[in-house]
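What follows is calculated from the coordinates using simple rules that are stated; it is not laboratory data. Every value quoted in this text rests on a predicted model; they were computed, and no experiment measured them. Quick reminder, even Gly has a Cβ in these numbers, built from the backbone with ideal geometry, and neighbours come from all protein chains shown.
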Amino acid sequence: MPVSFSGGCACGAIRYRVSADPQYMGNCHCRDCQQATGSAYFPAVRVREKDFVLARGEPKWFERTADSGNVLSRGFCSDCGSPLFLKNNARPGAWVLYAGSLDDPSWYTPSRDIYAASAQPWDLLHPDLPKHDRMP
């Protein structure tokens, strides 16, 4: 895993940089994340706000109350639609990046599956990861 890394949207209008290792990496299977990704889960990379720099562009934001009851603000590119990151009001001072928005997502290593009770039956969860029905 790199100490610093970068990412952005598919069209390049939005770019970000992170200057430190992530605090957390995990797969969220809640229904809200399924809808936001259009897939089975959200591969999440949480970083400290102080280590995050929005280097280019301005995302469009969508706000919604998640399964947890917390307000999530999801940032995406208004040009190409790429989901990029979110802010959770339960964790001030953090940004949560979509692993697919990383320039090199190959180092993404989830530590657990959360909201596993909401996982779709066709989603084959990694058998070695701890499973939680909510955020622990």
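About the Cα centre of segment 5-118, how large is the charge dipole given +1 on each Lys and Arg Cβ and -1 on each Asp and Glu Cβ? Please answer in debye to the nearest 20.
Its charge dipole is roughly 200 debye.
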Can you give the Rg/Rh ratio of segment 45-114, where Rg is from the C-alpha atoms and Rh is the Kirkwood radius?
0.95
Roughly how large, in nm² to one decimal, is the mean projection of the convex hull of the alpha-carbon atoms in segment 10-136?
7.5 nm²
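Calculate for the chain the 222 nm mean residue ellipticity that helices alone would give, adding -39,500 (n - 2.57) per DSSP H run of length 4 or more and normalising by residue count, nearest 500 deg cm²/dmol.
So the helix-based figure for the chain works out to -1500 deg cm²/dmol.
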Would you kindly state how much longer the chain becomes between VAL53 and GLN120 on full extension, computed as 0.36 nm times their sequence separation minus their alpha carbon distance, in nm to one decimal?
20.7 nm
Identify, among TYR115, MET135, ALA40, the residue whose Cα sits farthest towards the positive end of the charge dipole of the chain, taking +1 on the Cβ of Lys and Arg and -1 on the Cβ of Asp and Glu, with the dipole about the Cα centre.
MET135
Among 7-14, 87-94, the order from most to least packed when residues are scored by Cβ within 10 Å on average:
7-14, 87-94
Taking Cα pairs closer than 8 Å and at least 6 residues apart, the relative contact order of segment 5-118 in percent is 33 percent
